[in-house]
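Enquirer: What follows is a single structure, and I will ask about it in a moment.
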């Protein structure tokens, strides 16, 4: 993960900025509404859950959507300032500081792990694989996570423009690539949904533990 991003999220100032990020510009507010509907679509499919882990939780923006499907949500983040803001904004059963690469939970501690907007911050493929193995390990059945789609219109346009604007490439992975990494972690990719076909490269993926299939 980029050290500058780490330092920003771990700082009180960075946490404060992130807390209000989706309340500011119009496109962020629209994205927030679309994202919440998409989360509900995914969780409506899998139904009520006993225990949910929200990782990384940030300032707790998406906690209300998870609380609709479980009365037992744990918020986790590697940033103490972010956890502090999350605690003020939510009513979770617990708040845990920890790394997604080495989660401080036993195997199968949660019925579902929800992990939004983290994979695209992990440019090292080994770290990304470790992260997916960890969320699979602590989940008993479901993993709902986002990834930045390599073949999304947003990413293709960014790649084409890069020689001219010199922007850093996004950390992207294809659906096929995610399927392979997930399979190695004992997960099967059931479906993935774009946040927006035109304006976002993020997709929400629903994965299930291979050994937790319905009889």
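The values are calculated or read from the model by the stated rules, or taken from the named source; none is laboratory data. Just so you know, these numbers come straight off a predicted model, no measurement behind them. Using ideal geometry, Cβ is built from the backbone for each residue, glycine included, and neighbour counts are taken over all protein chains shown.
Enquirer: Quick check, is residue 115 touching a helix residue (DSSP H, G or I) at 6+ places or on another chain (Cβ under 7 Å), touching a residue at least 40 places away in the same chain (Cβ under 8 Å) and either within 22 Å of residue 33 (Cβ to Cβ) or surrounded by fewer than 24 Cβ atoms within 10 Å (Cβ to Cβ) (or both)?
Expert: So residue 115 fits the description; yes.
Enquirer: Determine whether the stretch 17-33 contains at least one residue that is in contact (Cβ under 8 Å) with a residue 40 or more places away in the chain, outside any helix (DSSP H, G or I) and either touching a strand residue (DSSP E or B) at 6+ places or on another chain (Cβ under 6 Å) or surrounded by fewer than 21 Cβ atoms within 10 Å (Cβ to Cβ) (or both).
Expert: The answer is no; no qualifying residue exists.
Enquirer: Look at the stretch 118-137 and say how many of its residues are crowded, with 20+ Cβ neighbours inside 10 Å, over 20 Å from residue 4 (Cβ atoms) and out of contact with any strand residue (DSSP E or B) (no Cβ under 7 Å at 6 or more places or on another chain).
Expert: Residues in the stretch 118-137 being crowded, with 20+ Cβ neighbours inside 10 Å, over 20 Å from residue 4 (Cβ atoms) and out of contact with any strand residue (DSSP E or B) (no Cβ under 7 Å at 6 or more places or on another chain): 2 in total.
Enquirer: Yes or no: the stretch 139-150 includes at least one residue that is surrounded by 14 or more Cβ atoms within 10 Å (Cβ to Cβ), free of Cβ contacts under 8 Å to residues at least 60 places away in the same chain, out of contact with any helix residue (DSSP H, G or I) (no Cβ under 6 Å at 6 or more places or on another chain) and farther than 24 Å from residue 78 by Cβ.
Expert: Looking for residues that are surrounded by 14 or more Cβ atoms within 10 Å (Cβ to Cβ), free of Cβ contacts under 8 Å to residues at least 60 places away in the same chain, out of contact with any helix residue (DSSP H, G or I) (no Cβ under 6 Å at 6 or more places or on another chain) and farther than 24 Å from residue 78 by Cβ, one finds at least one in the stretch 139-150, hence yes.
Enquirer: Test residue 180 against the criterion of being out of contact with any helix residue (DSSP H, G or I) (no Cβ under 7 Å at 6 or more places or on another chain) and either in a loop (DSSP other than H, G, I, E, B) or over 25 Å from residue 65 (Cα atoms) (or both), and give yes or no.
Expert: The answer is yes for residue 180.
Enquirer: Please report, ordered by residue number, the helices (runs of 4 or more DSSP H) entirely within the stretch 44-146 with at least 3 residues that are under 19 Å from residue 204 (Cα atoms), more than 17 Å from the chain's Cα centre (by Cα) and modelled with pLDDT of 95 or more.
Expert: So the answer is none; nothing clears 3.
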